[in-house]
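The values are calculated or read from the model by the stated rules, or taken from the named source; none is laboratory data. Model, not experiment: these values are computed from the prediction. All Cβ positions, glycine included, derive from the backbone under ideal geometry; neighbour counts span all protein chains shown. Each accessible area value is taken on the protein alone, full model and side chains, heavy atoms only, with ligands, DNA and RNA left out. Shrake-Rupley method; radii C 1.70, N 1.55, O 1.52, S 1.80 Å.
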Amino acid sequence: MSLSEEILHGEDTHPIDIVETLAEHHAWEFDRVGDDQIAMAVEGQWRTYSITLAWSARDETLRLICTFEMDPPEARLSALHDILNRCNDMVWAGSFSYWQEQRLMVWRYGLLLSGGQIAGPEQIDRMIGAAVSAAERFYPAFQLVSWSDRTPQDALQVAIAEAYGRA
């Protein structure tokens, strides 16, 4: 059964209701923060990612924020910002930023649903999957640039390299 078949579509289908159903479907830990917001923990290969989705009816936008802790040494912040720019040049949907005060690496994406459009479950599931994939793909490069003497160009080769086979 497809996700769309599990979730009934209708004019009053709230995007966060869809996200909650997806969280239950995937057995992710979640907390419905409010009518328009949900927070989840999604397990990745490298770490557990905190994902928050919030609906803004005024903007007709479903916002996704995927975060993970990152506390690089002050001396490596310029290299971290350099690699963030390089990573953002390699992705189509969403972008990374570093919230220094909170010590969080952040992946952000906004899905515009203007004109009364409704996001489908597959679309939202793909949005969440893309966030986790981007975080997983670039996490090793962020770590290398933060905790070693590797240059952003060199560290980024880890994210670019194609893996073959299985370990």
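Across the range 111-126, what is the total count of residues that are modelled with pLDDT of 95 or more and in contact with a Gly (Cβ under 9 Å, 6 or more places away or on another chain)?
0
Given the conditions (1) modelled with pLDDT of 95 or more; (2) surrounded by fewer than 14 Cβ atoms within 10 Å (Cβ to Cβ), which single one is not true for GLY165?
Condition (1) is where GLY165 drops out.
Which count do you get for residues in the range 106-118 that are surrounded by fewer than 18 Cβ atoms within 10 Å (Cβ to Cβ) and touching a residue at least 60 places away in the same chain (Cβ under 8 Å)?
2
Among the numbered criteria (1) modelled with pLDDT of 95 or more; (2) more than 15 Å from the chain's Cα centre (by Cα); (3) open to solvent by less than 70 Å² (accessible area, probe 1.4 Å), which one does ASP31 miss?
So the condition that ASP31 fails would be (3).
If you go through the range 134-151 one residue at a time, how many are assigned to a helix (DSSP H, G or I) and open to solvent by 70 Å² or more (accessible area, probe 1.4 Å)?
2
Which of the residues spanning the range 40-71 are surrounded by fewer than 17 Cβ atoms within 10 Å (Cβ to Cβ) and among the aliphatic types (A, V, I, L, M)?
Across the range 40-71, the qualifying residues are ALA41, ALA57.
For ALA93, state whether it is assigned to a loop (DSSP other than H, G, I, E, B) and either open to solvent by 20 Å² or more (accessible area, probe 1.4 Å) or more than 21 Å from GLU43 (Cα to Cα) (or both).
When the stated conditions are applied, ALA93 passes them.
Condition test on ASP154, is it surrounded by fewer than 17 Cβ atoms within 10 Å (Cβ to Cβ), over 27 Å from TRP55 (Cβ atoms) and touching a Leu at 6+ places or on another chain (Cβ under 8 Å)?
Spelling it out, ASP154 is indeed surrounded by fewer than 17 Cβ atoms within 10 Å (Cβ to Cβ), over 27 Å from TRP55 (Cβ atoms) and touching a Leu at 6+ places or on another chain (Cβ under 8 Å).
For the range 72-88, name all the residues that are in a helix (DSSP H, G or I) and touching a residue at least 12 places away in the same chain (Cβ under 8 Å).
Result: ARG76, LEU77, ALA79, LEU80, HIS81, ASP82, ILE83, LEU84, ARG86, CYS87.
Just need a number here: residues in the range 107-133 that are assigned to a strand (DSSP E or B) and either farther than 20 Å from CYS87 by Cβ or among the aromatic types (Phe, Trp, Tyr) (or both).
Going through the range 107-133 one residue at a time, the tally reaches 4.
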